[in-house]
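Engineer: One structure, as structure tokens, below. Some questions next.
Read-outs throughout are calculated quantities, based only on the coordinates presented, and are distinct from any laboratory measurement. Everything numeric in this text was worked out from a predicted model, so none of it was measured. When we count neighbours, we look across all protein chains shown, and the Cβ atoms used for this are built from the backbone with ideal geometry, even at glycine.
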Amino acid sequence: MTVIVGLVHKGRVHLGGDAAGVAGYQLTIRRDPKVFTNGPYALGFTTSFRMGQLLHHAFKAPHPEGDLSAFMVTTFVDALRTCLKDGGWATKEAEQERAGTFLVGIHGRLFSIDSDYQVGEPADQYAAVGCGDELALGALHATSALGMKPRDRLSAALAAATHHSAGVSGPYTFATTPKSD
């Protein structure tokens, strides 16, 4: 249970995430962040803290080259699959590999990676994943024309999800990509 929010603003991707670790009715506030940078990437995960630990500490994120959409769908996902398999986290059901869900920011673009390794890029230039995603998306939409700073928009989205979802809790962490070229 979680919420990760992201948006693109002036050539940078900004991510925010909560700190809830939820198992049934038990809530643990985790110190290890759900959003972080790895090289030029900003990443924020849901699904499993183990997957997040691998993304943060073991994933050797390849340097982007060429068409960024094609790169993410092929080279990035191939490296991701290898990392998750090597880390003992990826699963296989009915001959299909499964992973988790997370957001990735790189070169001023925001992508979502789904559990089937599908790569999406939101036309709205903002996204949210996790159990509080719909609540956060509403806040991101409502604040899109208000001229707010990125951290303030992310904080508003995280606060909305925290207020209305039992699976989301502060404190919040944030990560931002370097300025794109």
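Engineer: With (1) assigned to a helix (DSSP H, G or I); (2) surrounded by fewer than 20 Cβ atoms within 10 Å (Cβ to Cβ) as the list, and residue 140 as the residue in question, which single condition is left unmet?
Structural biologist: (2)
Engineer: Still on this structure, I have one more. Scan region 3-41 for residues that are outside any strand (DSSP E or B), over 17 Å from residue 122 (Cα atoms) and touching a Lys or Arg at 6+ places or on another chain (Cβ under 6 Å) and jot them down.
Structural biologist: Answer for region 3-41, where residues must be outside any strand (DSSP E or B), over 17 Å from residue 122 (Cα atoms) and touching a Lys or Arg at 6+ places or on another chain (Cβ under 6 Å): just 19.
Engineer: Mind telling me which of the residues 52, 44 ends up being assigned to a helix (DSSP H, G or I), closer than 23 Å to residue 162 by Cβ and of a type outside the set (A, V, I, L, M, F, W, C)?
Structural biologist: 52
Engineer: Of the residues 145, 127, 157, 166, only one is buried (at least 20 other Cβ atoms within 10 Å of the Cβ) and not in a strand (DSSP E or B); which?
Structural biologist: The match here is 157.
Engineer: Condition first: touching a residue at least 24 places away in the same chain (Cβ under 8 Å) and not in a strand (DSSP E or B). Now tell me which residues in region 89-105 satisfy that.
Structural biologist: Hits for region 89-105 are 89, 99, 100, 101.
Engineer: Here's another thing I want to ask about it. Looking at region 63-77, is at least one residue in contact with an Asp or Glu (Cβ under 9 Å, 6 or more places away or on another chain), touching a residue at least 60 places away in the same chain (Cβ under 8 Å) and either within 22 Å of residue 154 (Cβ to Cβ) or not polar (S, T, N, Q) (or both)?
Structural biologist: No: region 63-77 contains no residue that is in contact with an Asp or Glu (Cβ under 9 Å, 6 or more places away or on another chain), touching a residue at least 60 places away in the same chain (Cβ under 8 Å) and either within 22 Å of residue 154 (Cβ to Cβ) or not polar (S, T, N, Q) (or both).
Engineer: Could you list, ordered by first residue, the pairs with Cβ atoms under 9 Å in which the first is in region 11-26 and free of Cβ contacts under 8 Å to residues at least 24 places away in the same chain and the second is surrounded by fewer than 24 Cβ atoms within 10 Å (Cβ to Cβ), at least 6 apart or interchain?
Structural biologist: 23/1; 25/166
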